[in-house]
Amino acid sequence: MFTTILVGFDGTPEALGALDLARRLGADDTTLIVADVLTDARAAARALVPGGHPDDLAAADLAPAREMLDDRPWVEYAAPRARSVAEGLHRTASETMSDLIVVGATRHGAAARRVLGDDAEATLHGAPCAVAVAPAGATEEVRHVGVAFDGTAAGRRAVAVAAALAAEHHADLTLLSVVDTTRAYATFGTAGGFGDVRREAREALTDAAAGVHGVPRVRRRLLEGDPVREAVALSHEVDLLVLGARANGPALRLLLGSVSSRVVRRAECPVMVVPEAVRVADGAVSGT
């Protein structure tokens, strides 16, 4: 499904978790590009060390990745310079036509959420391709994929990516749609205040599930409540959770913005965010 996967790597346990997820999501012929982004601040700090050179820092950071991928074909290593990690990963992804970026984040707790607020969260926004965030440590085999569906074009795109992943990994697929009852106007219908959003959500979910093929088992789950809470709850049942990119519209929609950021921070499993620029055709994913 993925032709080229770019992994943000700095030698930390979080980075090893990202690399492990990238290995599981890629096929045998998928190119893995392991990139240690040398920010201006890191390069300047390294230059102050007697005899130090930024390239030495990158070589040390990438050593665990080389050891982990010693027997894997189609691996490349890079140490791009950039003002920030997110900028370096976005630029490298565009230059290499990567169709997925994988970054790491600590798993749980207040401190973990603050860590995500830096490089991982910045990478999510404005990415030229899909972005997956992996918790520290080894990831599970992908046997069950979950996707948050909202009836929008972004939601359908997320379902297409999730379905393609499920088919490739022979995994089950759960489609989750949540009618957001945390906002007073959410249950009054769609634009103009007319219509039954629950019925519309049910019909949209049924149509989306009917379009999924080649997956061992497809489950539909229509709930009412807090979209963040329900998506996080689903993350405890699946091995990978897919979210769609931001779009404007009815309150029913589960959007990138603050919703996905909160889901990524609290999710038990790796989370993949699919931006509007991503195209899915015949099980292949590509960006603009």
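Take each peptide in 70-81, 137-148, 13-24, count the other Cβ atoms within 10 Å of every residue, and average; sorted highest first, the result is 13-24, 137-148, 70-81.
Take the Cβ atoms of Ala44 and His236, set R0 to 41 Å, and the FRET efficiency comes out at 0.45. Karplus-derived 3J(HN,Hα) values for region 210-216, using 6.51 cos²θ - 1.76 cosθ + 1.60 with θ = phi - 60°, are 5, x, 8, 9, x, 10, x Hz; glycine and proline are entered as x.
Quick note: the coordinates plus some simple rules give every number you see, no bench work behind them. These numbers come from a predicted model, not from an experiment. Neighbour counts are summed over all protein chains in view; Cβ atoms, including those assigned to glycine, are modelled from backbone coordinates with ideal geometry.
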